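**Q** What follows is a structure written as structure tokens; I'll ask about it next.
No value in this document is a laboratory result; all are computed from the given coordinates. Just so we're clear, the structure is a prediction, and the values are computed from it rather than from any experiment. Virtual Cβ from ideal backbone geometry, glycine too; neighbours counted across all protein chains shown.
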Amino acid sequence: MEKLNEIEEESIFPKEQERLLTEKEHPYRERNKGIIILLITTVIWSLAFIAQSTAMDQIGPCAFVFYRHFLSGLCLLPFAFLKPCSKEEKRAGIKGGAITGIVLGFASVIQQIGVKETTVGKAAFLTVLYIILIPIFGLVIGKKPEKKVWFCAILALVGVYFIAIKAGTKFTIGTGDAYIILCSVLYAIQIMQVGHYVKKVNIGWYMSIQFLAGSLVGLPGFIFFEKFSFVHFRAALLPIAYAGIMSGAVAFTMQSYAQKRLEDTLASLIMSTTAIYAAIWGWLFLGESLGIREIFGCIIMTVAVVYAQLPEKRKKRS
């Protein structure tokens, strides 16, 4: 009788059984897919630093945030209508996107202001403080990260220090640095929000509304404190396009896809490798130095990220 039931199940649900068998045989396939996608995402984000720096020579921080996020939202909005979903999924996607978008918008504006008041190296180092903040926030909401993740997060932070902070530089906290630290707190919250919502909502509505809500955060500052100039807008159009389309619409969608398959602490650790690529692009395109100190920092970060991804050894049962 049991064999008969098995035969009937195989004949009725062959694709479902094949899927379950595949997941059983390859338990880390989806996880590894998320890691690879997130690593590609960090490369796209690292190039956005050049776009941000170039655009700030022409327009203000609020204008840049409004333009880039509004463009990202427009690019993703058609996809929200392509995939059919229930009213509950749509409503949850809009609500979650609005909440996450407000946090993303404030984080973006504060980061842009902070970059003008501090060095790029210190800004890069202070931004990735979310490596440590996310495990701490996880403890607050009842998520206990593995001990290995704590070790790797601290190790990665040491690596970022060697990459971003030049030898002989006095490390002091100024006004711009305080802005970047606040930005890091908001980014930590945004990363955790993405990890929470992407598993429950319609991604198309969630992502498009997130960016449109983020653009609205920059709009008041743009209107009341910054002046519009078509000449400056045209000069900054290419950086805005890259930040809006590639760094925004493409990369953040990839982040959401990857975080469906990864825990928040590991995702934040992988995203911190943006500092490695940013150092390389600065060396290739901006003529910034990449000496032994920076290379040593890149090696430390690479070790931390690779070690965090290694599966734990399971204890043998008696």
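**Q** Provide the packing ranking of 47-57, 223-233, i.e. peptides ordered by the mean count of other C-beta atoms within 10 Å per residue, highest first. Each step should come with its number before you reach the end.
**A** Numbers: 47-57: 18.7, 223-233: 11.6.
Highest-to-lowest ranking by the protection proxy: 47-57, 223-233.
**Q** Determine, for each peptide in 256-266, 146-156, the mean count of other beta carbons within 10 angstrom over its residues, then list the peptides with the highest first. Walk me through the numbers on the way to the answer.
**A** On the way: 256-266: 21.4, 146-156: 18.0.
Descending packing order for the listed peptides: 256-266, 146-156.
**Q** In sequence order, what are the phi-derived ³J(HN,Hα) couplings for region 253-267 according to the Karplus relation 6.51 cos²θ - 1.76 cosθ + 1.60 with θ = phi - 60°, rounded to whole Hz, with x for glycine and proline?
**A** 5, 5, 4, 4, 4, 6, 6, 5, 10, 9, 6, 4, 5, 5, 4
**Q** Mind giving me the FRET efficiency for residue 238 and residue 144? R0 is 35 Å, r the Cβ-Cβ distance, nearest 0.05 is fine. Walk me through the numbers on the way to the answer.
**A** Details: r = 45 Å, r/R0 = 1.29.
Computed FRET efficiency for residue 238 and residue 144: 0.20.
**Q** What's the ranking of 186-196, 292-302 by average number of surrounding C-beta atoms within 10 Å, highest first? Mind dumping the intermediate values first?
**A** On the way: 186-196: 22.0, 292-302: 17.4.
Descending packing order for the listed peptides: 186-196, 292-302.
**Q** Sticking with this one: Using θ = phi - 60° and the Karplus curve 6.51 cos²θ - 1.76 cosθ + 1.60, what whole-Hz ³J(HN,Hα) does each residue of region 206-212 get, with Gly and Pro shown as x?
**A** Running phi through 6.51 cos²θ - 1.76 cosθ + 1.60 with θ = phi - 60° gives 4, 5, 5, 5, 4, 6, 5 Hz.
**Q** Once both labels are modelled 7 Å past Cα along the beta-carbon direction, what's the residue 225-residue 307 spacing in nm?
**A** 4.2
**Q** Something else now. I need the phi-derived Karplus couplings for region 44-55: 6.51 cos²θ - 1.76 cosθ + 1.60, θ = phi - 60°, integer Hz, Gly and Pro marked x.
**A** Values per residue, Gly and Pro as x: 4, 5, 5, 5, 5, 4, 5, 4, 4, 5, 5, 5 Hz.
**Q** Write down the radius of gyration of region 39-160 and its Dmax, each obtained from C-alpha positions, in Å.
**A** 17.6, 47
**Q** Hey, how many Å between the Cα centroid of region 222-241 and the Cα centroid of region 43-96?
**A** 17
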